[in-house]
Amino acid sequence: MSWITISRITKLGLTNFWRNRWLSLASTLVMTLTLLIITLFVVMTMVISKTTTMIKSKIDVAVYFKDSATTQEISDLQQIIAARPDVKEVRYISKEEALRVWNERQKNQRIKELIKPEENPLPRSLAIKATNPEDLKNIADFLAQNQYSPIVHKISYEDNKQIIDKLLAITSFVKKMGWIFSITFVIISILVILNTIRLTIFTRKEEIEIMRLVGASDRFIKVPFIVEGILYGFLACIVATIALWIVIGLATPLTNRYLGSIVTENMHHFFISKFLLIFLMQFIVGILVGIGCSLFSIRRYLKV
Amino acid sequence: MIEIVGVSKIYSDTIKALDNVNLKIEKGEFVSIVGQSGAGKSTLVKLLICEEKPTSGKILIAGRNIVQLKLSELPYFRRKVGVVFQDFKLLPQKTVLENVAFALEVCDALPEEIKDKVPRILDLVGMLKCKDKYPDELSGGEKQRISIARALVHSPKILIADEATGNLDPINAWEIIELLDRINRRGTIVILATHNKAIVDRLKRRVVLIKNGTILSDKVRGGYVI
């Protein structure tokens, strides 16, 4: 294809886009909405899974020891656990440290005063972090063995397990909903865009007929519509990116209030660091949908 | 140059538009194809410009069977055959000059070629003075001239006019026929499908009469007889 042809075809596409600006606007807006939904879904899924991982990494198993257990017994157990491949970190928390943490957490002075350093009922413990949060159960099971029962007072795993399970359930629910929403919107958008392009093609049926009559190649007839499709995608991608900034800006106070600042921070961080990727994804999806719909709609008009 | 051999076109069991038509048209001929509405004129024209394919038979143009043309070859074939229609088929939002230039643009012509050819062809049909007007500002006869100019701009060997004068008053119609005649004298085959008796009678050129899908008569210097 020569440069002259390319420039002629592009010009024709741009002219057509402008000439049918209301139809073009409708297509672009529908496409924008679709891109926005898909992007929000992707960002949301990624932020949630990142937050989940972060929360998971903070979860640990704590083994509380009976006061009768000797320091030697505790230190032996610590070594055994530290040697396990699925254990990332084991930290010994002495009575003194437990008290310090207790004091830090308690705001009420009267409750604070209930425990005095001289008669400290807080148990010594080991805080164990797993390389993989899923392995925490194995570690907890290991500690629950009979041979350790004389020294172990309590293993705090069950409480954490519930939190983990709940978190995983929420994540998978959000992911599923996101998929359903995205697919629905993609289908709606494809249908609307298909119809819009069909309509523009229909209004230019005569022009296409004349083009064929005077010997225009299929390519010359087809490409301007593809150019229009690309334009829909490109403009939609820009509008969607701007809208995304606004949506995230508006959503920040809400996420702060309901989900905590970790999620919000993750969202901001994610959006800024992956800006180019998000833009590129929208660009590609937008353009592919635009081109696909154009090609599909024009097909039947070229079958003579 | 054009040879139609045993061509039939059957749309359905009851509609037989053309039935075993044989016709040979030599270089430089002016052929009028006449017949009543529904006789098969338009079908024959559609087959000649490859808008439809015959049910059976061959259509040889310059020795090539156009029935077997591939979809990708069609545009190149259409550039060699100019077609003029009753309803002109001009683009309303383009000027006269742009309408004619458009036919070259869509065929990858160079700008110099367009600049050179379009005014010459407009001059040939006597419309150079109207080159900046829009089709809406022109009379029927003028529109048909533009449509002829557009059909001729590729310098086709064959010009097919399907009821080209159907929408025109007698004076305008005759002017168009004279123009076609002039084009024919420059060496282009002109095939004129019409049911206008006066025109055919005055032309005194070859007349092919079609009735019920078959050729009833083929006279070298004929008139319109049904």
Note: B:144-157 gets an average of partner chain Cβ contacts (10 Å, Cβ to Cβ) equal to 1
In short, region A:172-214 residues buried by 10 Å² or more of accessible area relative to the isolated chain (1.4 Å probe) are A:206, A:207, A:209, A:210, A:211, A:212, A:213, A:214
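What is the calculated FRET efficiency for residue A:11 to residue A:181, with r their C-beta to C-beta distance and R₀ = 41 Å, to the nearest 0.05? Don't skip to the end; give the middle numbers.
Values: r = 38 Å, r/R0 = 0.94.
Efficiency, from the Cβ-Cβ distance: 0.60.
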Ordering B:2-8, A:230-236 by per-residue average of other C-beta atoms within 10 angstrom, highest first, gives A:230-236, B:2-8
Note on region B:98-139: residues buried by at least 50 Å² of accessible area once partner chains are added (vs chain on its own, 1.4 Å probe) come out as B:102, B:106, B:108
Residues from region A:1-26 losing no less than 30 square angstrom of accessible surface in the full protein assembly compared with the chain alone, 1.4 angstrom probe, ligands and nucleic acids excluded, are A:4, A:8, A:19
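Rounded to a whole number, what % of the accessible area of region B:81-155 do carbon and sulfur atoms account for, probe 1.4 Å?
Of the solvent-accessible surface of region B:81-155, carbon and sulfur hold 50 percent.
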Under 16 Å by backbone N from the virtual spin label 7 Å along Cα-to-Cβ at residue A:188, the residues of region A:21-39 are A:26-39
Placing one equal point scatterer on each C-alpha of chain B and summing with Debye, one gets log10 I(q)/I(0) at q = 0.10, 0.12, 0.15 Å⁻¹ equal to -0.44, -0.64, -1.00
Diffing region A:168-183: the Karplus 3J(HN,Hα) column from phi (6.51, -1.76, 1.60, θ = phi - 60°), in whole Hz with x for Gly and Pro, holds 4, 5, 4, 4, 5, 5, 4, 4, 4, 4, x, 4, 4, 4, 4, 5
Of the listed links B:27/B:197; B:24/B:115; A:137/A:175; A:222/B:94; B:70/B:131, those spanning more than 29 angstrom between alpha carbons are B:24/B:115; B:70/B:131
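Using the heavy atoms of the protein chains and a 1.4 angstrom probe, tell me the accessible area per residue for chain B in square angstrom.
Accessible area per residue: 46 Å².
Do me a favour and compute the ellipsoid semi-axes for chain A from its Cα gyration tensor, root of five times each eigenvalue, largest one first, whole Å. Before the final figure, lay out the partial values.
On the way: eigenvalues 853, 74, 40 Å².
Working from the Cα gyration tensor, I get semi-axes of 65, 19, 14 Å.
Using a Förster distance of 22 Å, how high is the FRET efficiency between residue A:113 and residue A:67, based on the Cβ-Cβ distance and rounded to 0.05?
Given R0 = 22 Å and the Cβ-Cβ separation, E is 0.55.
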Along region B:32-45, Karplus-curve 3J(HN,Hα) (6.51, -1.76, 1.60; θ = phi - 60°) to the nearest Hz, with x for Gly and Pro, reads 9, 9, 10, x, 6, 4, x, 6, x, 4, 5, 4, 4, 4
For chain A, the percent of accessible surface on carbon and sulfur atoms (probe 1.4 angstrom, ligands and nucleic acids excluded) is 66
Each label sits 7 Å from Cα toward the beta-carbon; between residue A:281 and residue A:268 the label points are separated, in nm, by 2.1
Probe 1.4 Å, all chains present, heavy atoms only: residue A:71 accessible area in Å², nearest 10, is 90
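If R0 is 60 Å, what FRET efficiency do you get for residue B:220 and residue A:195 from their C-beta distance, rounded to 0.05?
Numbers: r = 56 Å, r/R0 = 0.93.
Calculated transfer efficiency: 0.60.
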Once all protein chains are kept in place, residue A:268 shows an accessible area at probe 1.4 Å, nearest 10 Å², of 80
On protein heavy atoms with a 1.4 Å probe, the accessible surface that disappears when B meets A, both sides summed and given to 100 Å², is 2000
Rounded to the nearest 10 Å², the accessible area of residue B:178 using a 1.4 Å probe with every protein chain kept is 100
At the level of C-alpha centres, the distance separating region A:181-251 and region A:1-56, in angstrom, is 10
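The values are calculated or read from the model by the stated rules, or taken from the named source; none is laboratory data. The model shown is predicted, which means the values in this text are computed figures rather than measured ones. Note that we place each Cβ from the backbone using ideal geometry, even for glycine, and neighbour counts take in every protein chain shown. All accessible areas refer to the heavy atoms of the entire protein, side chains included, with ligands and DNA or RNA removed. Shrake-Rupley method; radii C 1.70, N 1.55, O 1.52, S 1.80 Å.
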